[in-house]
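*Asks:* Can you read through this structure? Questions will come right after.
The values are calculated or read from the model by the stated rules, or taken from the named source; none is laboratory data. Just so we're clear, the structure is a prediction, and the values are computed from it rather than from any experiment. With ideal geometry, Cβ positions are generated from the backbone for all residues, glycine too; neighbour counts draw on all protein chains shown. Areas reflect the complete protein model, heavy atoms only, side chains present, ligands, DNA and RNA absent. Shrake-Rupley method; radii C 1.70, N 1.55, O 1.52, S 1.80 Å.
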There are 4 protein chains.
Amino acid sequence: MNPPITGVVPPLVVPLKDGALDIPSLERHIDRMLEAGIHGLFVNGSSGEVAFSGDARRDQVLEEALRIVDGRIPVLAGVIDTETERVLAHMRRAEALGANAIVATAPFYALQGEAEVAEHFRILRQETGLPLFAYDIPVCVHWKLSNPLLLELGAEGVLQGVKDSSGDDVAFRWLALANERIGHPLSLLTGHEVVVDGAYMSGADGCVPGLGNIDPAAYVRQWNAYRAGDWAAVRAEQDRLADLMRIVQVKGVQGFGAGVGAFKAALKALGVFESNEMPRPVKALAGENYAWVEKVLREAGLDS
Amino acid sequence: MNPPITGVVPPLVVPLKDGALDIPSLERHIDRMLEAGIHGLFVNGSSGEVAFSGDARRDQVLEEALRIVDGRIPVLAGVIDTETERVLAHMRRAEALGANAIVATAPFYALQGEAEVAEHFRILRQETGLPLFAYDIPVCVHWKLSNPLLLELGAEGVLQGVKDSSGDDVAFRWLALANERIGHPLSLLTGHEVVVDGAYMSGADGCVPGLGNIDPAAYVRQWNAYRAGDWAAVRAEQDRLADLMRIVQVKGVQGFGAGVGAFKAALKALGVFESNEMPRPVKALAGENYAWVEKVLREAGLDS
Amino acid sequence: MNPPITGVVPPLVVPLKDGALDIPSLERHIDRMLEAGIHGLFVNGSSGEVAFSGDARRDQVLEEALRIVDGRIPVLAGVIDTETERVLAHMRRAEALGANAIVATAPFYALQGEAEVAEHFRILRQETGLPLFAYDIPVCVHWKLSNPLLLELGAEGVLQGVKDSSGDDVAFRWLALANERIGHPLSLLTGHEVVVDGAYMSGADGCVPGLGNIDPAAYVRQWNAYRAGDWAAVRAEQDRLADLMRIVQVKGVQGFGAGVGAFKAALKALGVFESNEMPRPVKALAGENYAWVEKVLREAGLDS
Amino acid sequence: MNPPITGVVPPLVVPLKDGALDIPSLERHIDRMLEAGIHGLFVNGSSGEVAFSGDARRDQVLEEALRIVDGRIPVLAGVIDTETERVLAHMRRAEALGANAIVATAPFYALQGEAEVAEHFRILRQETGLPLFAYDIPVCVHWKLSNPLLLELGAEGVLQGVKDSSGDDVAFRWLALANERIGHPLSLLTGHEVVVDGAYMSGADGCVPGLGNIDPAAYVRQWNAYRAGDWAAVRAEQDRLADLMRIVQVKGVQGFGAGVGAFKAALKALGVFESNEMPRPVKALAGENYAWVEKVLREAGLDS
């Protein structure tokens, strides 16, 4: 397989206009991140409203992203769905469209066990030649991928990486140490935005920060400082980004509506997105919540 | 709209053969339940492996069920998926195929709030003329539909019923009392198998018991006793059914694999299903687990 | 041992005045419940603010309750505390004061496993000759006592009963059926207030309803109807009590503050308690919340 | 008040012999940590089996610790109990015995809300002149102390510090940044063992690592490297300590029994404790689990 995917890999937030994908905004957005030096792009992830998207929309987002990126960096395609057959269908289409890697969660909605989750990833491996990342996001899937499972699937060649959005930093440290011991088969990407420096201390191979949609350059600077061993700079960038991440601390809204809602509001305020429209049934941030996002952007020196 | 849906409405468990829908087994199965006197059939529910099924399979199951039922009882179609647009797509196809009612959960995977869930059901209502049931199943959706929300949507005419698989019997009692107070807009169906008698005490309008796939006649007898006010008979049937439900107490398997796994094993043991095959990545019950199901069936006098 | 404890066994809510136990109110309260015909009294339970009480207060409440009850009905003493040695200390004092039975939870705060919980109850059994009830209240203890454990300890003679406040009515039905099968070693008391009729359908040997502090006569009537097989009366009493239980649906307060807060407000409104004072740091219900309690009491015909 | 408490503050693990406190082992243990250069000692914490200890044992442990430490470093006393009055009683005794600071959790067992938790800490503040640390340990207390609450109580002078065992590293980073903004009223100590380096990146003022009982010198070296800005050394120490922490990965035991069980086994293997006895009903690690602890110690170069 190709060289492992490392570095800053933002999960693409998508612009909408009257319910449709807003292509000019998408072009501005991806170009801005490419200019900032990102190392990969994760399409159709949780922040990319994959759960809100039918097959046509998923394919459209992936196609447009591949067209705009044009081979300059690897594009990872999320194939998130409830159970194995439905995930396989997404995977086949993503591979046909030209994705460079696949990102899949454990099955969800119907309850599963450790054996079923392992079998799920093995079935995916049998049907693709692309690198396969396990996406560990218990807040959505309500299942934590265990270290023994991830390491076994890594050693077998079933998995080539993990996108860790579990928030369990102790497990992540142990995973990184054990992965090293068995020859580093897994590329370990943290889904954190606010404590990426801690994940780098733990040996992360990169990050998938939603906030990287807003300030990709800062995450790239932080990555470069990490590669250079300049921990003081890693930390200083993180402190600034942690402050910036306060855009999600809006009132009366929670979860996806607050997180992705704030990212879209910020991208509109920065002139990247034409609209901060959200997918139904979620409302776009407005009024004092929108003003809060603008205020935090200004404090971070990000007003356009 | 039509008369409210009440009585015994089993959630259809589907027979597989080499990954395909096994039509002859499906015909035997539905015919057996119709002969037992069930009052409705819920297709593409959690027990009907909806989470494992793509559009084509969902449509096939619904079409075949509608063909076999042939208008004798109402067929309720589950339109379960992560978010609103995807649910709408399933709903439109189910309506086109001739379903008599729609059953939808709150959105899941991406996190939501009370306002988003209400908006979700209102959007569904705008696009269908069929009765709409809210499916409250926190073990899968990780969200509990609140009584104020259900009552508000019932009073508005957005919802015509609730399928309650929350396990929260206190909330269900209060829901039933409040529903009565506002004119009984909601048909309240319990998803319990083991304490349906308690739900009838609370005023349930019917039940959607997975175990009704195995012994539909007993649930029909219980319903008739309930309508006749013969509580001793309601209770005696329940004690027997609670014993029968022990088929799911298998070893080393949990959740969907144990529950639906045991239902399929029982239907095979009873000669209704040709195979107890499960959808990937779940394994069919075998060995001592299969023997356990057979033993419990015999104890309940259900060996064919 | 003595005959098993069955019937209506309210968990004593305690009146406070300037932080001290208000003895005249306590006498009025217990006398009122005795006149209503309750079959037992559970002292120092969760509703009896045991978690707020040091040794002296626990002993005072138990002593006063024993004095007032004066042997007319059995008094069960809660010995709730974090771990085994501390529970043992409470148990020894309760036995010395003359309690008729002991009620203990699994250990809490420090995490435990199935083996540790079993060992905990076995240690208690070794040090008392009194009947021992396991108190299953996961909302406080964050551990569910499993049916296999309860049945094993019942068969061994370690436990003589269970107070089930788990809200898991499916497990309770199965427990009741299995308890019957092994000779009914356990007296099974439900902690429900709102679906006691369902628990009676399941074969409960009695109830421990917090709401029994407010309307003990109704729970006694319901129990008598249950013993007489008059299920319609069981159900009608329950519907009325479920309506009455809406006193806890106050605004801006949750958990203990809402539940016990509403019980104390009702007892004050009924002229039984002089004050509805709550233990620090919890505030007594006031204003519109107090008015709500009064309104629900009036609707239930309970205004004094 | 005195200078803020910072640096390495291990939570004291206590040696038992036939159920009694083993004083000679305790002296060896505290002396060994003092020689390693620890900056404070946290007595009667979760790892110090506070939940298993009645008043007499709590007082004995605190008295002996104070005697052995003899004023060389501050001794923080845990006053952990279910509700306010009981916590106050422990606090008064701890202050009388000479503790240098108090550590209290939110109330637990009975459910609480944000207002009740705030009131709880304010009541404690009114009755002590000692520095007061809030102990945030949701795995035991089942409540997360929110950042707005902690910051408000810090600004008011109610709290002087936080011991964060929440595992929520994102909240911790935001807490540290906000604490700085308001003048650093709170001393922020992380309860992590495995990702202390990440907590230092976030600006922690120290750590309270259970594993500091086993290898206090390493945590002191890491602290000194942190103060010197030598992040590579901070990280290298952490990698070694993360490997050492694998002593808790024993089989068939979980939670307290595994964690503190492994610490006691290690201290016995190192010749510090005479016995690895655990408080009832928990069993001491033995057999292959004990051998595992010895193996990990050897790999870390810690065999005595």
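*Asks:* Using modelled amide H (1.01 Å from N, peptide plane; none on Pro or chain starts), what sits under 5 Å from the amide H of D:H192, excluding residues fewer than 5 places away?
*Replies:* Under 5 Å from the amide H of D:H192 lie the amide H atoms of D:V208, each far enough along the sequence or on another chain.
*Asks:* Follow-up. Would you be so kind as to list the residues of the stretch C:32-52 that have their accessible area lowered by at least 40 Å² in the full protein complex compared with their chain by itself (1.4 Å probe)?
*Replies:* When all protein chains are present, C:A51, C:F52 each give up 40 Å² or more of accessible surface.
*Asks:* Here's a follow-up. For all pairs of alpha-carbon atoms in the stretch B:199-304, what percent lies in each bin of width 10 Å, listed from the first bin to the last filled one?
*Replies:* 15, 44, 28, 13, 1
*Asks:* If you don't mind, there's one more thing I want to ask. Taking amide hydrogens as modeled 1.01 Å from N in the peptide plane, which residues meet the under 5 Å criterion relative to A:V103, leaving out close sequence neighbours?
*Replies:* A:A77, A:G78, A:V79, A:F133
*Asks:* For a quick size check, give me the Cα extents of the protein assembly as shown along its three principal axes, largest first, whole Å.
*Replies:* Reported extents, whole Å, longest axis first: 80, 73, 58.
*Asks:* Among the residues of the stretch B:173-203, which ones have their accessible area go down by 30 Å² or more when all the protein chains sit together, as opposed to their chain alone (1.4 Å probe)?
*Replies:* Listed in order, they are B:R173, B:W174, B:L177, B:R181, B:V194, B:V195, B:D197, B:M201.
*Asks:* Then there is this: May I ask you to list the aspartates and glutamates whose Cα is less than 18 Å away from that of C:K268, ignoring any residue fewer than eight positions away on the same chain?
*Replies:* Correct list for C:K268: C:D18, C:D22, C:E27, C:D31, C:E49, C:D215, C:E277, C:E288, C:E294, C:E299, C:D303.
*Asks:* Expressed in nm², what is the orientationally averaged projection area of the convex hull enclosing the Cα positions of the stretch D:51-189?
*Replies:* Taking a quarter of the hull surface, the average projection is 8.2 nm².
*Asks:* Which pairs in the list B:K144/C:K251; B:K163/B:K295; A:K295/D:K163 are over 27 Å apart, alpha-carbon to alpha-carbon?
*Replies:* Those over the limit are B:K163/B:K295; A:K295/D:K163.
*Asks:* In the neighborhood of A:P279, defined by Cβ-to-Cβ distances under 13 Å, what is the net charge if each Lys or Arg adds +1 and each Asp or Glu adds -1?
*Replies:* Here the count lands on -1.
*Asks:* Here's another thing I want to ask about it. Using R₀ = 25 Å, calculate the FRET efficiency as 1/(1 + (r/R₀)^6) where r is the Cβ-Cβ separation of D:Q254 and C:E127; round to 0.05.
*Replies:* That gives a FRET efficiency of 0.40.
*Asks:* What does the average come to when, for each residue of peptide B:103-112, you count the partner chain Cβ atoms lying within 10 Å of its Cβ?
*Replies:* For peptide B:103-112, the averaged partner shielding equals 6.
*Asks:* Can you list, shortest first in nanometers, how far D:A286 lies from the same residue in the other copies, with each label 7 Å from Cα toward Cβ?
*Replies:* 3.9, 5.8, 6.9
*Asks:* Something else now. Which net charge results for the neighbourhood of A:N147, defined as the other residues with beta-carbon distances under 14 angstrom from its beta-carbon, given Lys and Arg at +1 and Asp and Glu at -1?
*Replies:* Result for the neighbourhood of A:N147: -4.
*Asks:* For the stretch A:127-255, report the convex hull volume of the alpha-carbon atoms normalised per residue, in Å³, without decimals.
*Replies:* 128
*Asks:* For the stretch D:1-142, what relative contact order do you get, as a whole percent, if you take Cα pairs closer than 8 Å and at least 6 residues apart?
*Replies:* The value is 20 percent.
*Asks:* Further question: Cβ under 15 Å from B:V250's Cβ, B:V250 left aside: what net charge do those residues give with Lys, Arg +1 and Asp, Glu -1?
*Replies:* +3
*Asks:* Residues in the stretch D:172-195 near a label at D:V139, defined as backbone nitrogen under 13 Å from the 7 Å Cα→Cβ point?
*Replies:* Only D:191-195 fall inside the zone, counting backbone N under 13 Å.
*Asks:* Another question, then. Compute the convex hull volume of the Cα atoms of chain B, divide it by the residue count, and report the result per residue in Å³ as a whole number.
*Replies:* Spread over its residues, the Cα hull of chain B gives 122 Å³ apiece.
*Asks:* Shifting gears a bit: Within the P(r) computed for the stretch B:133-176, what percentage of the Cα pairs occupies the region above 17 Å?
*Replies:* The answer is 23 percent, as a whole percent.
*Asks:* Rolling a 1.4 angstrom probe over the protein heavy atoms, how many square angstrom per residue are accessible across chain B?
*Replies:* Here the residues of chain B average 32 Å² of exposed surface.
*Asks:* Using the Karplus equation 6.51 cos²θ - 1.76 cosθ + 1.60 (θ = phi - 60°), what ³J(HN,Hα) coupling, rounded to whole Hz, does each residue of the stretch C:15-23 give in order, writing x for Gly and Pro?
*Replies:* 3J(HN,Hα) across the stretch C:15-23, in whole Hz: x, 10, 9, 6, x, 9, 5, 8, 5.
*Asks:* Right, another one. Assigning unit charges at the beta carbon (Lys, Arg +1; Asp, Glu -1) and nothing else, what dipole magnitude in debye, to the nearest 20, does the protein assembly as shown show about its Cα centre?
*Replies:* Dipole size: approximately 0 debye.
*Asks:* With point charges of +1 on the Cβ of Lys and Arg and -1 on the Cβ of Asp and Glu, referenced to the Cα centre of the stretch C:103-254, which listed residue (C:C140, C:P185, C:Q126) lies farthest in the positive direction of the dipole?
*Replies:* Comparing the listed Cα positions along the dipole, C:C140 ranks first.
*Asks:* Here is a further query. Is any residue of the stretch C:19-41 close enough, with backbone N under 20 Å, to a label point placed 7 angstrom from the Cα of C:R72 along the Cα-Cβ axis, and if so, which?
*Replies:* C:22-41
*Asks:* Can you tell me what the convex hull of the Cα atoms of the stretch D:172-248 projects to on average, as an area in nm²?
*Replies:* 4.9
*Asks:* Turning to a different aspect of this structure: Take every Cα pair under 8 Å in chain D that's 6+ residues apart, average their separations, divide by the length, and report that relative contact order as a whole percent.
*Replies:* 19
*Asks:* List the trypsin sites (Lys or Arg not before Pro) within the stretch D:204-282 that fall in a DSSP loop (any state other than H, G, I, E or B) and whose Cβ has at most 16 other Cβ atoms within 10 Å.
*Replies:* When the trypsin sites (Lys or Arg not before Pro) of the stretch D:204-282 are filtered for loop state and at most 16 Cβ neighbours within 10 Å, D:K251 remain.
*Asks:* Just which residues of the stretch B:255-304 lose 50 Å² or more accessible area with every protein chain there, against their chain alone, with the probe set to 1.4 Å?
*Replies:* B:R280, B:P281
*Asks:* In A, who owns the beta-carbon nearest the axis carrying A over to B, and how many Å from it?
*Replies:* A:H142, 3
*Asks:* Give me the percent of the accessible area of the stretch D:122-204 that comes from carbon and sulfur atoms, probe 1.4 Å, all protein chains in place.
*Replies:* Within the stretch D:122-204, the accessible surface is 57 percent carbon and sulfur.
*Asks:* May I ask you to report, in nm to one decimal and beginning with the shortest, the distances from A:G229 to the same position in the other copies, taking label points 7 Å along Cα-to-Cβ?
*Replies:* Ordered by increasing distance: 1.6, 8.8, 8.8 nm.
*Asks:* Tell me, rounded to the nearest percent, the portion of alpha carbon pairs in the stretch D:56-124 spaced more than 21 Å apart.
*Replies:* Every Cα pair in the stretch D:56-124 considered, those over 21 Å come to 29 percent.
*Asks:* Can you say what percent of the DSSP beta bridges in chain D, counting only those with both residues inside, are antiparallel? Round to 5.
*Replies:* 10
*Asks:* What is the packing order of peptides D:14-25, A:92-103, taking the mean over residues of other C-beta atoms within 10 Å and listing the highest first?
*Replies:* A:92-103, D:14-25
*Asks:* Which one of B:A106, B:V194, B:V250 has its Cα pushed farthest toward the positive end of the charge dipole of chain B, where Lys and Arg give +1 and Asp and Glu give -1 at the Cβ?
*Replies:* With unit charges placed on the Cβ atoms, the residue in question is B:V250.
*Asks:* Taking the Cα centre of the stretch B:162-303 as origin and charging only Cβ (+1 Lys, Arg; -1 Asp, Glu), how large is the dipole, in debye to the nearest 20?
*Replies:* Using only the charged Cβ atoms, the result is roughly 260 debye.
*Asks:* Okay, next question. State to the nearest 20 debye the size of the charge dipole of chain C about its Cα centre, where the only charges are +1 on K and R beta carbons and -1 on D and E beta carbons.
*Replies:* 320
*Asks:* Go ahead and estimate [θ] at 222 nm for chain C from helices alone: -39,500 (n - 2.57) per DSSP H run with n ≥ 4, summed, over the residue count, rounded to 500.
*Replies:* The helix contribution divided over chain C gives -14500 deg cm²/dmol.
*Asks:* Okay, moving on. Amide H of D:V162: which non-local residues (sequence gap of 5 or more, or other chain) have their own amide H closer than 5 Å, using H built in the peptide plane?
*Replies:* Amide H neighbours of D:V162, under 5 Å, 5+ apart: D:A134, D:S187, D:L188, D:L189.
*Asks:* I'd like the interface area for chains B and C: accessible area of each alone minus the complex, both sides summed, 1.4 Å probe, protein heavy atoms only. What is it in Å² to the nearest 100?
*Replies:* Accessible area lost upon association: around 2300 Å².
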